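Heads up: the structure comes next, in structure tokens.
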Amino acid sequence: MKKQFVIIGCGRFGSSVAKTLYSMGHEVLVIDRNEEIIQAVAEQVTHAVQADATDENSIKSLGIRNFDVAVVTIGSNIQSSILVTLMIKELGVEYVVAKAQNELHAKVLYKIGADRVVFPEREMGVRVAHNLVSSNIMDYIELAPDYSIVEIATLHEWIGKSLRELDMRSRYGINVMAIKRGPNIDISPMATDSIEEGDVLVVIGHNDDIQKIERR
């Protein structure tokens with residue numbers, strides 16, 4: 001399902017999120033006050049606008065309230081980060097993700113309405129982008145530009161079937177590396193192993209194939 005994302009602040013982390021979401025087929029608006037940054041990212045997103053995100057009139061004129069998700073990646077200026085997060089939440093954006101510098105910053109962001117707070121040092125922008133798009137994908141590690149390892153929550157139609165029956169490689173183009181069941185993890189599961197409700201599959205595959213599962 002195609003969504004509309006607005007990325008406010010386009011440093012290394014913000015541009016990573018923006019480019020990944022756009023490559024996955026979503027509409028992405030990027031806002032940054034730096035003209036050079038906007039020019040650099042313009043061809044890799046849907047729209048790129050030079051604007052001061054702390055200016056409420058500028059934000060309103062861009063129709064921010066119509067976006068599904070806003071990602072506030074202003075990091076160096078904590079005051080601006082808090083102000084923008086509060087502003088876009090009050091404008092009615094349903095889901096707001098904000099980047100934090102430290103635990104105190106994170107606590108304030110949650111207090112003013114951020115739905116999720118991320119620490120770039122702990123979470124790659126690419127991983128955050130995939131998490132935003134799909135409820136099936138629980139974790140995401142990019143191995144190379146084309147291949148990734150992901151944790152996938154068990155789909156309803158997989159329950160009760162063995163790995164041999166599911167035949168993930170021919171059906172989805174992915175390989176199951178492990179099955180996580182509660183606190184236990186089964187490395188290199190057998191073809192006869194069955195999938196149970198609540199299982200998490202650790203799989204490796206081409207990004208195009210993984211995206212097919214994300215859309216389910």
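The values are calculated or read from the model by the stated rules, or taken from the named source; none is laboratory data. What you see is a predicted model; the values in this text were computed from it and never measured. Here the Cβ is made from the backbone with ideal geometry for all residues, glycine too, and neighbour counts use every protein chain on show.
Of the strands (runs of 3 or more DSSP E) entirely within segment 162-216, those holding at least 1 residues that are in contact with a strand residue (DSSP E or B) (Cβ under 8 Å, 6 or more places away or on another chain) and acidic (Asp, Glu) occupy 184-187. Residues that are over 12 Å from the mean Cα position of the chain (by Cα) and either on the phi > 0 side of the Ramachandran plot or part of a loop (DSSP other than H, G, I, E, B) (or both) within segment 4-37 comprise 9, 10, 11, 25, 33, 34, listed in sequence order. Residue 19 meets the conditions (1) buried (at least 21 other Cβ atoms within 10 Å of the Cβ); (2) under 22 Å from residue 214 (Cα atoms) in every case but one. The failed one is (1). Among the conditions (1) hydroxyl-bearing (Ser, Thr, Tyr); (2) more than 25 Å from the chain's Cα centre (by Cα); (3) modelled with pLDDT under 90, residue 170 misses just one, which is (3).
With 97, 71, 93, 108 as the choices, which residue is surrounded by 20 or more Cβ atoms within 10 Å (Cβ to Cβ), over 15 Å from the mean Cα position of the chain (by Cα) and modelled with pLDDT of 90 or more?
Going through 97, 71, 93, 108 in turn, the sole match is 93.
Scanning segment 147-154 finds one or more residues that are modelled with pLDDT of 90 or more, surrounded by 13 or more Cβ atoms within 10 Å (Cβ to Cβ) and over 30 Å from residue 92 (Cβ atoms).
The residue list 114, 40 contains one member that is on the phi < 0 side of the Ramachandran plot and surrounded by 18 or more Cβ atoms within 10 Å (Cβ to Cβ), which is 114. As for segment 79-87, it holds no residue that is under 28 Å from residue 209 (Cα atoms) and crowded, with 19+ Cβ neighbours inside 10 Å. For residue 182, the conditions (1) farther than 25 Å from residue 24 by Cα; (2) at pLDDT 90 or above; (3) out of contact with any Phe, Trp or Tyr (no Cβ under 7 Å at 6 or more places or on another chain) all hold with the exception of (2). Among the criteria (1) in contact with a strand residue (DSSP E or B) (Cβ under 7 Å, 6 or more places away or on another chain); (2) crowded, with 19+ Cβ neighbours inside 10 Å; (3) within 29 Å of residue 213 (Cβ to Cβ), the one residue 4 does not fulfil is (2).
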